[in-house]
Amino acid sequence: MIIRISSTFLTLFFTTILFGQGQADYSSGAIIQRLEKLNTLGSVLYMAAHPDDENTQLIAYFANGAHFRTGYVAATRGDGGQNLIGPEIRESLGVIRTQELLAARSVDGGEQFFSRANDFGYSKDPDETFRVWDRDKVLADFVWAIRQFRPDVIITRFSREPGVTHGHHTASAILAMEAFEKSGDSTVYPEQLQYVSPWAPAKIFYNIGLWAYRRSGRVFNDEGYLKLDVGQYNPHLGKSYTEISALSRSMHKSQGFGSSGSRGADFEYFEQWGGAETDQALFEGINTSWSRVADSEEVAYYLAEARRNFDPAQPANILGELLHARKALLKMPDQFWKEVKLAELRETILAITGTYLELTSEKPFYVPGDSIRITLEVINRSHADLTLSSVTLDQNDERFIYNLALENNQKNQFSYQFPLSKSTPYTHPYWLNTDATEGMYSVSDQRLIGLPQNPPALKARVSLSSEGQFLDYEVPVIFKTTDPVKGEVRSPLEIRPPVMVNLDSRALIFAGNKSKKMPVKVIAGRDDISGRVTLNLPEGWKSSPDFYEVAIQEAGGEQSFDFSLTPPEGPSNAQISAVVELSDGKKYDLGKEVIAYDHIPVQTLYPKAQVKVVKLDVGELTGRIAYIMGAGDELPFSLEQIGYQVDILDKDDVSAGNLARYDAVILGIRAFNTVQWLSFKNQELFDYVKKGGNMIVQYNTSHQLVTEEIAPFPLKLSRDRVTVEEAPVKFLKPKHPVLNTPIKLSPSDFDGWVQERGLYFPGEWSKEFVPLLGMNDPGEEEKQGSLLVAPYGKGYYCYTGISFFRELPAGVPGAYRLLINMVSLGKADKPK
């Protein structure tokens, strides 16, 4: 019998949230790991700056070998890095790397957290970092993470000594130490204490980075450091912790960090920074057993019995011991470990009984106010006595009473139809809902700070019972489909606007006065959309027509329109937005961006529908450019916008006869790192230059080049870079054609650049190269390797570390003007 009633959540439940339970591991080995963890009460929090900074082999060891609760706090989401798998940069890249970190934690067993710091790109010292980050807010977030997680031990990845590594790295270590000292003080960030209590970790350590010694050729002396062997083998998992670590680190695919597993002893080394003095082991003197909690003897007894009596052939036989332990645990006074272990017990009970809980929706997306149908699947795959007690929907507080005995391996399905609240928020990443500064994301809700991703868009509380005890599980609603190649595919449920409007790019560039088509795509979020789409234009810009009528019958349908956009007479740098006004008078100005890669769940963002428009005073451009894609960037599209014909070349296109057709051949970022066939096609490119061609090579790193011969003359790459985008730029050869033809450049062309000047400049080069630009970060010597030009035969070879891949998509006028001159080298001779 089903009883349907209305209820209100009056209590904040510490419930188990089952994200994508279809991928949960209920194997015997995994259950043993859960039982060991139930009997262990230790915790460790790793703290660093970026995705990929975490030591995955240490996390794998602590989470799976020591069975400690293990977390990683990344100060940033890696938004300022480069992307080796696609064109996404900045906020979109941060979303990718967030999901890659979650994928890594699902492998190594850790938990993931963040601060609100924005990764603004490479920083050479912590002082520069703190000038951009809001130091107090990032410190508050570190303290918040410690108070929530309550670690016994904190471990940092980096030294606090300035100048040793990336400024973000050093800053994260400095803040970790400050947070360690302040998190136990109730007068520090008292606004947090309505949700958490002060917590003082017992110790803090610095995890020595041996890679720095290997890179410099120095020999590491382990005298005076604590050490830990993380290369041990776990027979329950069938892997060593270093093998697990490699699988985890290989999730950082946007950074090209695929790793091979290693076997055998592998030591990590530690320097203690604070807390009780330690001689032998990191957790020396820290009680990690149940005896650290008062009145826990009965709990400890039954959990030990459950581990001792576990039979892999009949895992559900220990349900009685686990329920006895839970009953004893519920009698204990409220405190942190009680809530942690109650959550772990709920998960373990699902595992030993093979119980499957899943909520799926009919469609992948809905609009606030839609009627939604969801289906619950419940299966008890054991002989255990389990009952489905009730289901409570979080949207309308409706509670369905079942009291249904769950028979062994019998599928039970229930469907629910209800209206979504019109105030249901869109599933846009919470940290992107408000405009960010260069250094910080804005998040005002304290409860959201630090979360890796949004809470589920919709969920239900499923209550099971056994032997008079009730176990509550929060189950998110997901969408599930079957792909003919990939098989079962799960994705988060999307809540989207009723209508979305997409513009083609982040920047639209005009090289002359001619009008240009501005494509606008309107996407229906629900059925029966009607209204009109218009452009909000800055002064001097004109569009034709003034608007288009929109009429789309089905949700997911699209209509495309071309506005004719005319720039003003002179140079201009402005912003245009698109708006759809529906027939009910409501206006919508959000677009839709889908990020889809096989190694992470599909991510859908709803950013503002706006585009930067730039009018360059350079006249009409013509020419044909060959482009060899590297790690992925948007330069081909950017070049096409200003009039060039751009052809993307593959291996078989690189031949003497074909290359002769082009005014220039440009290699994308890190092409000599990522395009294997350049190891034997490089000479054909050099021959093209020798016969009168123009070759432009963008930045590469010295690590893992496919060939050392990246230029026709000796050229050695370094890690030199200029990170301050406002750094003054000196013209070393003021009369050189690249600085004068067809456009006469001036220092003002380097105004308004974003994130950096450039990166990975050559450090040494042969006499044939002419350096054209000098620049340096504050307090450093001038670097002259950002743009090198060498005549070779009848043509020119250019190597540049200038960050065109950031500047052109951002619509930086001076970057376009400089690149036009580089493309024109040897062709144009009249200044403009």
Worksheet, complete the sentence: The correct count of residues that are of a type outside the set (G, A, S), in contact (Cβ under 8 Å) with a residue 24 or more places away in the chain and assigned to a loop (DSSP other than H, G, I, E, B) in the range 629-650 is 5
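Please go through the range 56-103 and give me each residue that is closer than 30 Å to V724 by Cβ, of a type in the set (A, V, I, L, M) and touching a residue at least 60 places away in the same chain (Cβ under 8 Å), ordered by number.
Initially, the range 56-103 is screened for residues closer than 30 Å to V724 by Cβ, giving 72-98, 100-101.
Subset that is of a type in the set (A, V, I, L, M): 73-75, 84-85, 89, 93, 95-96, 101.
Of everything in the range 56-103, those that are closer than 30 Å to V724 by Cβ, of a type in the set (A, V, I, L, M) and touching a residue at least 60 places away in the same chain (Cβ under 8 Å) turn out to be V73, A75, L84, I85, I89, L93, V95, I96, L101.
If you go through the range 332-341 one residue at a time, do you hit one that is within 32 Å of the chain's Cα centre (by Cα), among the charged types (D, E, K, R), crowded, with 16+ Cβ neighbours inside 10 Å and within 30 Å of S296 (Cα to Cα)? Full working, then the answer.
Taking the range 332-341 and keeping what is within 32 Å of the chain's Cα centre (by Cα), we get 336-337, 339-341.
This time we only want the ones that are among the charged types (D, E, K, R), so: 339, 341.
Now restrict to residues that are crowded, with 16+ Cβ neighbours inside 10 Å: 341.
Still in the list and also within 30 Å of S296 (Cα to Cα): 341.
Checked against the condition, which is being within 32 Å of the chain's Cα centre (by Cα), among the charged types (D, E, K, R), crowded, with 16+ Cβ neighbours inside 10 Å and within 30 Å of S296 (Cα to Cα), the range 332-341 yields at least one hit.
Condition check ((1) under 27 Å from I600 (Cα atoms); (2) modelled with pLDDT of 95 or more; (3) not assigned by TED's automatic domain parsing to the domain that holds I96) across all residues:
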{"site": "L357", "(1), (2), (3)": "yes, yes, yes"}
{"site": "S361", "(1), (2), (3)": "yes, yes, yes"}
{"site": "S389", "(1), (2), (3)": "no, yes, yes"}
{"site": "D394", "(1), (2), (3)": "yes, no, yes"}
{"site": "L432", "(1), (2), (3)": "yes, yes, yes"}
{"site": "M440", "(1), (2), (3)": "yes, yes, yes"}
{"site": "A460", "(1), (2), (3)": "yes, yes, yes"}
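Which residues, counting only those in the range 537-562, are more than 25 Å from D527 (Cα to Cα) and either aliphatic (A, V, I, L, M) or assigned to a strand (DSSP E or B) (or both)? Give the steps one after another, and end with the answer.
Step one: of the range 537-562, the residues more than 25 Å from D527 (Cα to Cα) are 537-546.
Of everything in the range 537-562, those that are more than 25 Å from D527 (Cα to Cα) and either aliphatic (A, V, I, L, M) or assigned to a strand (DSSP E or B) (or both) turn out to be L537, K542, S543, S544.
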Discussion item. Going through V485, V520 one at a time, which residue ends up being of a type in the set (V, I, T) and within 30 Å of G814 (Cβ to Cβ)?
Written reply: V520
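Going residue by residue through the range 217-224, is there one that turns out to be under 29 Å from H67 (Cα atoms) and either surrounded by 15 or more Cβ atoms within 10 Å (Cβ to Cβ) or at pLDDT 95 or above (or both)? Please lay out each step first, then the result.
First, the residues of the range 217-224 that are under 29 Å from H67 (Cα atoms): 222-224.
After this cut, where a residue has to be either surrounded by 15 or more Cβ atoms within 10 Å (Cβ to Cβ) or at pLDDT 95 or above (or both) as well, the list is none.
No; the residues of the range 217-224 include none that is under 29 Å from H67 (Cα atoms) and either surrounded by 15 or more Cβ atoms within 10 Å (Cβ to Cβ) or at pLDDT 95 or above (or both).
Please go through the range 610-628 and give me each residue that is part of a loop (DSSP other than H, G, I, E, B) and surrounded by fewer than 20 Cβ atoms within 10 Å (Cβ to Cβ), ordered by number. Quick ask: steps written out before the conclusion?
Kept after step one, since they are part of a loop (DSSP other than H, G, I, E, B), are these residues of the range 610-628: 616-623.
Within the range 610-628, D617, G619, E620, L621, T622, G623 qualify.
Please go through the range 299-327 and pick out each residue that is of a type outside the set (S, T, Y) and within 16 Å of S289 (Cβ to Cβ).
Going residue by residue through the range 299-327, those that are of a type outside the set (S, T, Y) are 299-300, 303-327.
Selection gives V299, A300, L303, A304, E305, A306, R307, R308, A325.
Going through D598, D633 one at a time, which residue ends up being surrounded by fewer than 16 Cβ atoms within 10 Å (Cβ to Cβ), modelled with pLDDT under 95, within 28 Å of R90 (Cα to Cα) and not polar (S, T, N, Q)?
D598
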Worksheet entry | Whichever residue in the range 270-291 is small (G, A, S) and not in a helix (DSSP H, G or I) and, among such residues, is nearest to the chain's Cα centre (by Cα) | G274
Discussion item. Any residue that is touching a helix residue (DSSP H, G or I) at 6+ places or on another chain (Cβ under 9 Å) and assigned to a strand (DSSP E or B) - is there at least one of those in the range 220-228?
Written reply: yes
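Give T353, T348, T392 a once-over and let me know the one that is within 26 Å of Y195 (Cβ to Cβ), β-branched (V, I, T) and buried (at least 17 other Cβ atoms within 10 Å of the Cβ).
The match here is T392.
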Fill in: Conditions (1) part of a loop (DSSP other than H, G, I, E, B); (2) touching a strand residue (DSSP E or B) at 6+ places or on another chain (Cβ under 9 Å); (3) surrounded by 14 or more Cβ atoms within 10 Å (Cβ to Cβ); (4) not basic (K, R); number of the one not met by D584
(3)
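Only one residue in K542, K615, K608 is touching a residue at least 12 places away in the same chain (Cβ under 8 Å), among the basic types (K, R) and within 30 Å of S491 (Cβ to Cβ). Which one? Break it down into steps so the answer makes sense when it comes.
Numbers: K542 fails: within 30 Å of S491 (Cβ to Cβ); K615 fails: within 30 Å of S491 (Cβ to Cβ).
Of K542, K615, K608, the one residue that is touching a residue at least 12 places away in the same chain (Cβ under 8 Å), among the basic types (K, R) and within 30 Å of S491 (Cβ to Cβ) is K608.
Within the range 524-534, work out how many residues are part of a strand (DSSP E or B) and surrounded by fewer than 21 Cβ atoms within 10 Å (Cβ to Cβ).
Initially, the range 524-534 is screened for residues part of a strand (DSSP E or B), giving 524, 529-534.
After this cut, where a residue has to be surrounded by fewer than 21 Cβ atoms within 10 Å (Cβ to Cβ) as well, the list is 530, 532, 534.
Number of matching residues: 3.
So for the range 502-510 (the condition being modelled with pLDDT of 95 or more, surrounded by fewer than 22 Cβ atoms within 10 Å (Cβ to Cβ) and not hydroxyl-bearing (S, T, Y)), does at least one residue qualify? Show your work before the answer.
The initial filter retains those residues of the range 502-510 that are modelled with pLDDT of 95 or more, namely 502.
Next, from what is left, pick out any that are surrounded by fewer than 22 Cβ atoms within 10 Å (Cβ to Cβ): 502.
Now restrict to residues that are not hydroxyl-bearing (S, T, Y): 502.
Checked the range 502-510: at least one residue is modelled with pLDDT of 95 or more, surrounded by fewer than 22 Cβ atoms within 10 Å (Cβ to Cβ) and not hydroxyl-bearing (S, T, Y).
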Item to complete: Test G693 against the criterion of being modelled with pLDDT of 95 or more and more than 38 Å from the chain's Cα centre (by Cα), and give yes or no.
Response: yes
Item to complete: Would you tally the residues in the range 13-48 being modelled with pLDDT of 95 or more, surrounded by 22 or more Cβ atoms within 10 Å (Cβ to Cβ) and either part of a loop (DSSP other than H, G, I, E, B) or under 22 Å from the mean Cα position of the chain (by Cα) (or both)?
Response: 5
Item to complete: Might you let me know whether the range 229-252 holds any residue that is on the phi > 0 side of the Ramachandran plot and either of a type in the set (F, W, Y) or free of Cβ contacts under 8 Å to residues at least 40 places away in the same chain (or both)?
Response: no
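The values are calculated or read from the model by the stated rules, or taken from the named source; none is laboratory data. Given the structure is predicted, the values throughout are model-derived calculations rather than measurements. So basically every Cβ, Gly included, is an ideal-geometry build from the backbone, and we count neighbours across all protein chains shown.
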